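In what follows, a single structure is set out as structure tokens and then discussed.
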Amino acid sequence: MTTTTLGGRMWRTLPWFAALAILAIAGGPLVGSTHISLRRALDPTLPFADNVDAQIFFVARLPRTLAGAMVGSMLACAGVVFQGLLRNPLATPFTLGVSAGAALGAMLAITFGWSFAWLGIPAAPAASFIGSLVAVGIVYALAQARHRGLSTNVLLLAGVTMNAFFSALILFVQYFADFGQTYRILRWLMGDLDVSSYEPLVTALPLVLVSFAVFAWLARPLNLLSLGPESAGTHGLDVTRAQRAAFVSASLATGAAVSVGGPVGFVGIIIPHLVRLMVGSDHRLVLPASALFGAAFLVGCDVIARTVMAPVELPVGVITALIGGPFFLWLLLRRA
Amino acid sequence: MKYLLAILAAALLSSPPAPPPARIVCLVPAVTETLFAIGAGAQVAAVSSFDNYPPDVAGLQRVGALLDPDVERILSLRPDLVVVYASQADLRTQLGRAGVPTYVYTHAGLPDVTTTIREVGERTGHGASASQLAGTIERRIATVRHTIDGLRKIPALVVFEREPLSLRGIYASGGIGFIHDLLEAAGGRNVFADVKQEAVQATTELVLARRPEVILELRPAVTTETDRRREIAAWDRLGSLPAVRSKRIYIFSDQKMSIAGPRVGEVVETLARTLHPEAFGR
């Protein structure tokens, strides 16, 4: 193992993760709370408007599966990057206030009945994305204010504080909501992939591509950062630049993921840890493997969410939380 | 035995019939409406923060609602009857400790609406007019049932809430409760009748699979004609739904549609006319 090249290890492991992701994405639309005939769904002679099976397949299940893959891979990668950046194994994509900012944005949109659509995204997801940017903007400004470069300690503390502060604001705003709005807020906070169209995915795609491009570049800097900022600097890394790139790209990816699926919990912590158990800690392997495994995991959880309570369907966040909570505790015990 | 008889005698003889309450605080909008409809409006001292019907409530004091009743303000009004929800256990305890009588309202099905009206009438000294009102409602619903008798039950989806301009977060009526009863009384067949909950979180797939022929949305926030048209157009992506193809999607913004009060007869008739226009000679 120690003498094998990185290329060889990639070649031996990544195809398995890719196969798993493809299997999940291809299999996801085949199962659901209702029974459909695949032959009928794919029959080109039937007009689409009359074909219920095709509509369930292409309007309900396929976008939901693709949303799961997109959100799962982004949250998993963002988790890896935040854990590397903060050098803290318990960091998640939501540690630095992104999800609380997003939740506050969505809540304002719902409570005050904003009904605009921005670039084809309805008000709540659009406002949640803006909210996440505001939150990370504040955290970033704080972490940079008194230090040259980024202080990861200040990042962490500022993030935790912002989370608490935004949660308080959320409770305050919630006081003005009526029953229907309260329900919608709760539903949004659970995290749900039933996007029912491709529009949100297409809108988020540019952000996904940019984030992944930066993640690809980040793999080596993250490896060096894991030695500590000083050692990384002596290895010739522009530490501040790498930290900024990591912070901004992971925050954007998280914001985009949350605007599509709401704050789906635990994916960003379960996946990076499982992947590290399987492939080691080299980010050049961990990042692509997490992207693929994250996609497969969330699509898999969503299949459970859609079928376990049939005929009704659950939001996927309930399932990830049920799996993730105990996992998180196991991780804590294992480290202690 | 002698002891029991003594208590009974004391209860029967010593307490004269209590006078009807003169300062009612009502936290339940459906009951507020009833109080005004049976002629007890002048006895109402304060209402909940969600009350807006009849217009007479506009000038009344507000004392919170289901989740945030303001106990201090309620007590400061020195009420002789407070109408509370059954789930407001803390409030009931506090009022009980202060010796304030309560009427406990339970939100249940359609048949309970007229029962509540009669009880509220008895309790406030307007038994006769309450009984008359309840009778009128029951007859109106019976007339509707008679008019649509024998007609096919129309498979319908009732939506309480969803994200504006999208089909995300649909919250629909399940197979029990007041709204479900309204729909069935109006000649509809709830597509989620088999889900024994008051509300169902309906995903796109569930809606497609249940194939409603009519979609009824109770959304007070959608008020303008432009909004209504845009919200109806949001369903277009589910083109295989019979309701979408025959353009039978209706958005009701009037709050009366979901209030289990004196206007239920009217509501059942509105829904029946929407579901079975042919039966009402359109």
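Summary table
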{"quantity": "Set A:ARG12, A:ARG39, A:ARG64: member being more than 14 Å from chain B (Cβ to nearest Cβ), assigned to a helix (DSSP H, G or I) and closer than 20 Å to B:GLY239 by Cα", "calculated": "A:ARG39"}
{"quantity": "The listed residue being within 14 Å of another protein chain (Cβ to nearest Cβ), free of Cβ contacts under 8 Å to residues at least 24 places away in the same chain and aliphatic (A, V, I, L, M), out of A:VAL308, A:VAL316", "calculated": "A:VAL308"}
{"quantity": "Lone unmet requirement of (1) closer than 30 Å to A:GLY32 by Cα; (2) under 12 Å from the mean Cα position of the chain (by Cα) for A:LEU205", "calculated": "(2)"}
{"quantity": "Qualifying residue in the stretch A:135-152 (condition: modelled with pLDDT of 85 or more, within 27 Å of B:ARG230 (Cβ to Cβ) and not hydroxyl-bearing (Ser, Thr, Tyr))", "calculated": "no"}
{"quantity": "Wholly within the stretch A:172-243, helices (runs of 4 or more DSSP H) carrying at least 1 residues that are free of Cβ contacts under 8 Å to residues at least 60 places away in the same chain and within 21 Å of A:ILE25 (Cβ to Cβ)", "calculated": "A:199-225"}
{"quantity": "Within the stretch A:108-129, tally of residues that are closer than 16 Å to A:VAL202 by Cα, surrounded by fewer than 20 Cβ atoms within 10 Å (Cβ to Cβ) and either modelled with pLDDT of 85 or more or within 8 Å of chain B (Cβ to nearest Cβ) (or both)", "calculated": "1"}
{"quantity": "Among (1) outside any helix (DSSP H, G or I); (2) under 25 Å from B:ARG189 (Cα atoms); (3) free of Cβ contacts under 8 Å to residues at least 60 places away in the same chain - the single one B:GLY99 does not satisfy", "calculated": "(2)"}
{"quantity": "Selection count where residues are touching a residue at least 60 places away in the same chain (Cβ under 8 Å) and small (Gly, Ala, Ser), scope the stretch A:144-163", "calculated": "3"}
{"quantity": "Matching residues in the stretch B:52-78 - criterion: being among the β-branched types (Val, Ile, Thr) and under 15 Å from B:PHE36 (Cα atoms)", "calculated": "B:VAL57"}
{"quantity": "Per-region count, the stretch A:127-171, residues in contact with a Lys or Arg (Cβ under 9 Å, 6 or more places away or on another chain) and in a loop (DSSP other than H, G, I, E, B)", "calculated": "2"}
{"quantity": "Positions within the stretch B:220-235 being surrounded by fewer than 17 Cβ atoms within 10 Å (Cβ to Cβ), within 10 Å of another protein chain (Cβ to nearest Cβ) and of a type outside the set (Gly, Ala, Ser), in sequence order", "calculated": "B:PRO220, B:ARG230"}
{"quantity": "Single residue of the stretch A:15-29 satisfying the filter (touching a residue at least 24 places away in the same chain (Cβ under 8 Å) and closer than 21 Å to A:VAL316 by Cα) that is nearest to the other protein chains (Cβ to nearest Cβ)", "calculated": "A:PRO29"}
{"quantity": "Qualifying residue in the stretch A:79-93 (condition: more than 22 Å from the chain's Cα centre (by Cα) and more than 13 Å from chain B (Cβ to nearest Cβ))", "calculated": "no"}
{"quantity": "Residues satisfying the stated conditions in the stretch B:44-62, i.e. assigned to a loop (DSSP other than H, G, I, E, B) and over 20 Å from B:THR124 (Cα atoms)", "calculated": "B:SER49, B:PHE50, B:ASN52"}
{"quantity": "Checklist (1) touching a Leu at 6+ places or on another chain (Cβ under 7 Å); (2) in a helix (DSSP H, G or I); (3) within 14 Å of chain B (Cβ to nearest Cβ); (4) touching a residue at least 60 places away in the same chain (Cβ under 8 Å) applied to A:SER33, failing item", "calculated": "(2)"}
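The values are calculated or read from the model by the stated rules, or taken from the named source; none is laboratory data. Small disclaimer: the values here were computed from a predicted structure and weren't measured. With ideal geometry, Cβ positions are generated from the backbone for all residues, glycine too; neighbour counts draw on all protein chains shown.
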